[in-house]
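Asker: Just passing along the structure, written as structure tokens.
The values are calculated or read from the model by the stated rules, or taken from the named source; none is laboratory data. Everything numeric in this text was worked out from a predicted model, so none of it was measured. Glycine gets a Cβ as well: all are built from the backbone with ideal geometry, and neighbour counts include every protein chain shown.
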Amino acid sequence: MDETMKNYNPNATHQLTGSCIPFLYGCMDSTMFNFDPLANTENNPSDCAPYVYGCTDSLALNYNSLANTLGDSLCIEKIYGCMDSTMFNFDSLANIENNPSDCAPYVHGCTDSLALNYDSLANTLGNSLCIEKIYGCMDELAFN
């Protein structure tokens, strides 16, 4: 007999305790992402949201802001690094280059800090080998 209830009957003459069923609004389409099994009234069919498969992790490389369901493919972790294969610090696992200036070019030279021709800027042993330091007298006029 309550007009605000789903099962209101204007012809009812007696009301049984607990017999009124309230309106429970929600998506009643079981094929939709936001299906509500408790709903008994669909306010607006456009309120139902379809499944959108994709990566739902906002920190992932392949994040899909429209996705509401993790798809078959996993989210791809962002890996920052140098992606230029011609550079000394090339990272084959990198999928994001934070800053192209982060790539370091090859600098050929002697990388042995104990060598005579050590180059502190070198990161790659050049075509010439390092020259070993030989200690001794360098005066040609001296006996030793």
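Asker: Here is a check on your reading of the model: is residue 20 modelled with pLDDT of 90 or more and either surrounded by 13 or more Cβ atoms within 10 Å (Cβ to Cβ) or more than 36 Å from the chain's Cα centre (by Cα) (or both)?
Answerer: no
Asker: Quick check, is residue 84 within 30 Å of residue 123 (Cβ to Cβ), surrounded by 14 or more Cβ atoms within 10 Å (Cβ to Cβ), touching a Gly at 6+ places or on another chain (Cβ under 7 Å) and not aliphatic (A, V, I, L, M)?
Answerer: Against the criterion (within 30 Å of residue 123 (Cβ to Cβ), surrounded by 14 or more Cβ atoms within 10 Å (Cβ to Cβ), touching a Gly at 6+ places or on another chain (Cβ under 7 Å) and not aliphatic (A, V, I, L, M)), residue 84 does not qualify.
Asker: Further, regarding this structure: Looking at this structure, is residue 46 of a type in the set (Gly, Ala, Ser) and either closer than 30 Å to residue 79 by Cα or in a loop (DSSP other than H, G, I, E, B) (or both)?
Answerer: no
Asker: Which condition breaks for residue 136 when tested against (1) modelled with pLDDT under 90; (2) surrounded by 15 or more Cβ atoms within 10 Å (Cβ to Cβ); (3) at positive phi?
Answerer: Condition not satisfied by residue 136: (2).
Asker: For the subset of region 99-123 comprising residues that are within 17 Å of residue 80 (Cα to Cα) and either small (Gly, Ala, Ser) or at pLDDT below 90 (or both), which member is surrounded by the most Cβ atoms within 10 Å (Cβ to Cβ)?
Answerer: Taking the candidates together, the pick is 102.
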